[in-house]
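First the structure, in the form of structure tokens, and then the observations on it.
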Amino acid sequence: MSLDNVSHLGSEGLDELVPSRYALQVGDIDVLVISDGVLPITAPTMATNADSGEFAAWLKDMFLPPDVLDWPLNVAVVRSGDKTVLIDSGLGLEFPDFPRAGQLALRLEAAGIVPSSVTDVVLTHLHMDHIGGLLGDGLRERLRPDLRVHVAAAEAEFWESPDFSRTVMPAPIPDVLRRTASKFLVEYDSLLRPFDTEYEVAPGVLVSRTGGHTPGHSIVRLASGGDRLTFAGDAVFQVGFDNPEWYNGFEHDPEEAARVRVRLLQELAATGEALVATHLPFPSLCRVAAAGDTFRCVPAVWDY
């Protein structure tokens, strides 16, 4: 994968009417943001501690429906040095109730990326929409046997006996999350490379634990030359720019998640570095601007 030939990658695989990948470069590091599709989420899950009137007004201002939203799913493929790193893996194919997500295997093929070329996987956390792509048919059997899967040790430990007491999710979801994480930890036990606080996966590719969303939730910082980009996982959601103190129902420690979100957005606003996050509208690439006590997501101009 390189920016020299990325415009031709689709011709090697599947033709797409609407491209599901976006290439950019961070210094000498190649990055490909890939859409895994979208999945439905009940709107109140996005802001569980918000005043209902204020949240309804925000949804209306954003031209979003008041009941069920389409939640984007983004993953990334990063090439630095001799490493090809997959950041998160989307939902996978084991959830037929979400037919518009779980597109990773197909879209890697469309981008001309052979799964066996991936040397490392970084998982921001072990929620099903971040690990499911590694479990289903279509990708698992095509990965290399010496694949290294990096996840915070605190995350793996948490999912041995997860606590959902502070989350606010639709009733079936906790059991599905628990079951999927348990299956993943069993299937990938021999490939896991746990880290404590941070780990450099490839030159200029640093995964750092933030906690909050889950105990081992992590972000990935890319740095090469003078360029910087942060893949924020679930530290930032669309509503979090305007209302960073609103809690997401999937957050296992909502107060800490809000603190993590505010600190990260303040840092990105100060440095001007680029941001990509799992659940921002594809291709997700933006800058962060401070607006008093809140923030603005300033989308990057697509570079064709």
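Among the numbered criteria (1) within 20 Å of residue 33 (Cα to Cα); (2) surrounded by fewer than 19 Cβ atoms within 10 Å (Cβ to Cβ), which one does residue 218 miss? Going through the list (1) within 20 Å of residue 33 (Cα to Cα); (2) surrounded by fewer than 19 Cβ atoms within 10 Å (Cβ to Cβ), residue 218 breaks only (2).
Residues that are at pLDDT 90 or above, in contact with an Asp or Glu (Cβ under 8 Å, 6 or more places away or on another chain) and either open to solvent by less than 60 Å² (accessible area, probe 1.4 Å) or among the charged types (D, E, K, R) (or both) do occur in region 56-63, at least one of them. Among the residues of region 235-276, those identified as assigned to a helix (DSSP H, G or I) and either of a type in the set (S, T, N, Q) or on the phi > 0 side of the Ramachandran plot (or both) are 266, 271.
When restricted to residues that are crowded, with 19+ Cβ neighbours inside 10 Å, of a type outside the set (S, T, N, Q) and not in a loop (DSSP other than H, G, I, E, B), region 70-108 contains 16.
Of 166, 228, 209, all but one fail to be of a type in the set (Lys, Arg), modelled with pLDDT of 95 or more, closer than 12 Å to residue 122 by Cα and open to solvent by 70 Å² or more (accessible area, probe 1.4 Å); the exception is 209.
Counting only residues that are in contact with a helix residue (DSSP H, G or I) (Cβ under 8 Å, 6 or more places away or on another chain) and either surrounded by 23 or more Cβ atoms within 10 Å (Cβ to Cβ) or not in a strand (DSSP E or B) (or both), region 191-206 holds 1 of them. Residues that are open to solvent by 30 Å² or more (accessible area, probe 1.4 Å), closer than 27 Å to residue 102 by Cβ and among the hydrophobic types (A, V, I, L, M, F, W, C) within region 280-304 comprise 282, 297, 300, 302, listed in sequence order.
Please enumerate the residues belonging to region 261-279 that are of a type in the set (Val, Ile, Thr) and open to solvent by less than 10 Å² (accessible area, probe 1.4 Å).
Within region 261-279, 276, 278 qualify.
Pairs meeting the criteria (first residue in region 170-190 and more than 15 Å from residue 249 (Cβ to Cβ) and assigned to a helix (DSSP H, G or I), second residue open to solvent by 60 Å² or more (accessible area, probe 1.4 Å) and not aliphatic (A, V, I, L, M), beta carbons under 8 Å, at least 6 apart or on different chains) are 180/94; 185/160; 187/140. Residues that are modelled with pLDDT of 95 or more, over 15 Å from residue 234 (Cα atoms) and in a helix (DSSP H, G or I) were ranked within region 134-158; the one that is most open to solvent (accessible area, probe 1.4 Å) is 157.
The values are calculated or read from the model by the stated rules, or taken from the named source; none is laboratory data. The shown structure was predicted, so the numbers you read here are calculated from the model rather than taken from an experiment. Because the Cβ atoms are built from the backbone with ideal geometry, glycine has one as well, and the counts that use them run over all protein chains shown. Calculation scope for accessible area: heavy atoms of the full protein, side chains included, ligands and nucleic acids excluded. Shrake-Rupley method; radii C 1.70, N 1.55, O 1.52, S 1.80 Å.
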